[in-house]
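Everything below concerns the one structure shown next.
The values are calculated or read from the model by the stated rules, or taken from the named source; none is laboratory data. Nothing here was measured: the structure is a model prediction, and the numbers come from that model. Please note: Cβ atoms are built from the backbone with ideal geometry, for glycine as well, and neighbour counts cover all protein chains shown. Just the protein is used for accessible areas: all its heavy atoms, side chains included, with ligands, DNA and RNA removed. Shrake-Rupley method; radii C 1.70, N 1.55, O 1.52, S 1.80 Å.
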Amino acid sequence: MLLMPGVREDTRHRILDSARRIVASKGYAAVGINEVLGDAKVPKGSFYHFFESKDAFGRAMLDDYFVEYLAEMDAFLAEPGLTTAQRLMNYWASWYDNQSFNDCQGKCLAVKLGAEVADLSEPMRLSLEAGTGEIINRLESAITAGVGDGSVTVVNDPRATAQMLYDMWMGASVMAKIRRDRVHFDTSLTATRQLLHIA
């Protein structure tokens, strides 16, 4: 089956969108390819026209997720008229709002799949490593900028602080799922303000 490039890319995008939403709800191992294709309204049997393997599909799903996530993060961290501290806290507030413990609708794949696929799929682990690394890079840059404009003060160097904050928020997201509440997000918001010395 030959598809025009535009049609092919649109179909591939529909598959990845469906996969992200379903996998965010059920996890990776529990989702079959046919379920994703059915949701995307793509004929069964056409999967390998778009992805050479399930691992390649999983990595493409994560890569696609991180492209979108990082673009949204960049928008938060470049919002005009705000101090760097305000931009950072708006980013964390967005995390707080989007990381629902009931249904993240594809907005929290790194949280959902981090532990699940790291031991199952090396390509997916590498995608997670690269994507989360880019998030930490952006946090480091923003913290450095905040130190420069005086809106942020850190005891540790910006890289260590960025890593600490990301690890803390990832942990809070997992605990929110376990406890079915937002206590750890509230704690993380308070701790973030303290670490960055934001009033």
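Among the residues of the range 58-79, is any in contact with a helix residue (DSSP H, G or I) (Cβ under 9 Å, 6 or more places away or on another chain), charged (D, E, K, R) and on the phi > 0 side of the Ramachandran plot? Within the range 58-79, none of the residues are in contact with a helix residue (DSSP H, G or I) (Cβ under 9 Å, 6 or more places away or on another chain), charged (D, E, K, R) and on the phi > 0 side of the Ramachandran plot.
The sole residue among Gly114, Gly81, Gly32 that is at pLDDT 95 or above and among the small types (Gly, Ala, Ser) is Gly81. Residues of the range 133-151 include at least one that is under 26 Å from Arg182 (Cβ atoms) and under 10 Å from the mean Cα position of the chain (by Cα).
Does any residue of the range 36-50 turn out to be within 17 Å of Ile22 (Cα to Cα), in contact (Cβ under 8 Å) with a residue 24 or more places away in the chain and in contact with a Gly (Cβ under 9 Å, 6 or more places away or on another chain)? Taking every residue of the range 36-50 in turn, none turns out to be within 17 Å of Ile22 (Cα to Cα), in contact (Cβ under 8 Å) with a residue 24 or more places away in the chain and in contact with a Gly (Cβ under 9 Å, 6 or more places away or on another chain). Scanning the range 14-41 for residues that are assigned to a loop (DSSP other than H, G, I, E, B), at negative phi and of a type outside the set (Gly, Ala, Ser) yields Tyr28, Val31. Return yes when Gly148 is surrounded by fewer than 17 Cβ atoms within 10 Å (Cβ to Cβ) and either touching a helix residue (DSSP H, G or I) at 6+ places or on another chain (Cβ under 9 Å) or not in a helix (DSSP H, G or I) (or both) and no when it is not. Judged against the criteria, Gly148 is a match. The set of residues in the range 18-69 that are under 18 Å from the mean Cα position of the chain (by Cα) and β-branched (Val, Ile, Thr) comprises Ile22, Val23, Val67.
Pairs are defined by a Cβ separation below 9 Å, a sequence spacing of at least 6 or placement on different chains, a first member in the range 183-199 that is at positive phi, and a second member that is of a type outside the set (Ser, Thr, Tyr) and open to solvent by 80 Å² or more (accessible area, probe 1.4 Å); the pairs so defined are His197/Val155. Of the residues making up the range 84-108, just one is over 15 Å from the mean Cα position of the chain (by Cα) and modelled with pLDDT under 95, namely Asn102. Within the set Thr161, Thr153, the sole residue that is surrounded by 14 or more Cβ atoms within 10 Å (Cβ to Cβ) and modelled with pLDDT of 95 or more turns out to be Thr161.
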